Amino acid sequence: FRALNIGASGLHANTLALQVTGNNIANANNAGYSRQRVEFAPGNPQDLGYAQIGRGVVVARIRRVIDETIQAALERGNGTLGDLASQESTLTRMEALFNELTGYDLSTGFSKFNAGVEALSGAPSSQAARQVFVDEAEAMARSFNQLGTGLKQFRSDLNSSLATSVRTINGYTREIAELNRQIVMVENGGQDLDTANDLRDRRDTLVRELGKRVDVRATETSVGAINILSGGDYLVFGGASHALET
């Protein structure tokens, strides 16, 4: 039956390979999925005393096809993208508040006010000049009040947005810590590194999302967990997460 067993091992190993291929196709449009590859190895040979004879093929490992260098560059790029996107959003709203390069901005208001001052200084007894000056002064006051109200509201909105972001960050770090615990358990405390493919994909996705909101640096330990630093403080250390506060 040895020849039959060898054939069965080949069928079994290649059936698993077909399943992995099907899984890759099914997740082709899943942004957080990393393509997986089956690695084959010869089965343990049978010792006949005078020689050893092979026992077919087995699936040694199913690995994610990723480039660590590109992965690290993507994480850095995501952090830069998140920083620039936040600045762009803030500055765009500031630009709308000041409303420059239009007929209703502060520069235009100053110009009209100064023109009214000059007209009044040239004809201080003119009732028309006085009225123009008062009208432009009132218009300037309204512009400042509207801008001040808009800036106060914008500051309040930013504070609310920051509080929401902190809650989101804390949710990510809690999930990453839980994934660390699961990955370490699935990979037998580092004995079978890089085998918890789906869990690692989910963790990598969360790290990228986290990097869009706060500057982070992730390092992997020998047992497969990752520690995440922001500045000089740990957000995730092994299976524990540390919450941010506003």
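The values are calculated or read from the model by the stated rules, or taken from the named source; none is laboratory data. Predicted model only: the values in this text are computed from it and were never measured. Heads up, the Cβs are rebuilt from the backbone with ideal geometry, glycines too, and the neighbour counts pull from every protein chain shown. Heavy atoms of the whole protein, side chains included, go into the accessibility calculation; ligands, DNA and RNA do not. Shrake-Rupley method; radii C 1.70, N 1.55, O 1.52, S 1.80 Å.
The table below lists the values:
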item	result
Dimensionless Rg over Rh [region 10-110; C-alpha; Kirkwood]	1.48
Gaussian network model of the chain, Cα within-10 Å springs - most flexible of A17, A129, A73	A129
Accessible-area ranking of S160, S241, largest first, probe 1.4 Å	S160, S241
Carbon and sulfur %, accessible surface of the chain computed with the full protein complex present, 1.4 Å	55
For the chain, fraction of C-alpha pairs farther apart than 33 Å, in %	51
Where the chain is the region considered: accessible area per residue in Å², 1.4 Å probe	64
DSSP bridge orientation in the chain - percent antiparallel, rounded to nearest 5	100
Qualifying chymotrypsin sites (Phe, Trp or Tyr not before Pro) in region 12-113, DSSP loop, other Cβ atoms within 10 Å at most 14	Y50, Y104
R0 of 30 Å, Cβ-Cβ distance V58-Q182: FRET efficiency to nearest 0.05	0.70
Segment D194-S222, extension gain: residue separation times 0.36 nm, minus the distance between their alpha carbons	9.0 nm
Nearest-0.05 FRET efficiency for T246 and M94, computed from C-beta distance (R0 22 Å)	0.55
Pairwise centroid distance, computed over Cα atoms, of region 151-169 with region 1-80, Å	47
Computed E for I25/D47 - FRET, C-beta separation, R0 51 angstrom, nearest 0.05	0.80
Taking region 195-243 and dividing mean pair separation by its residue count, relative contact order in percent (alpha carbons under 8 Å, at least six apart)	20
Computed [θ] at 222 nm, helices only, for the chain once each DSSP H run of length n ≥ 4 contributes -39500 (n - 2.57)	-21500 deg cm²/dmol
Simple spin-label estimate for S161 and D83 in nanometres, 7 Å along Cα-Cβ	1.8
Choice from I226, I176, I62 with maximal GNM fluctuation in the chain (Cα, 10 Å cutoff)	I62
Electrostatic dipole magnitude of the chain [Cβ: Lys, Arg +1; Asp, Glu -1; Cα centre; debye, to 20]	700
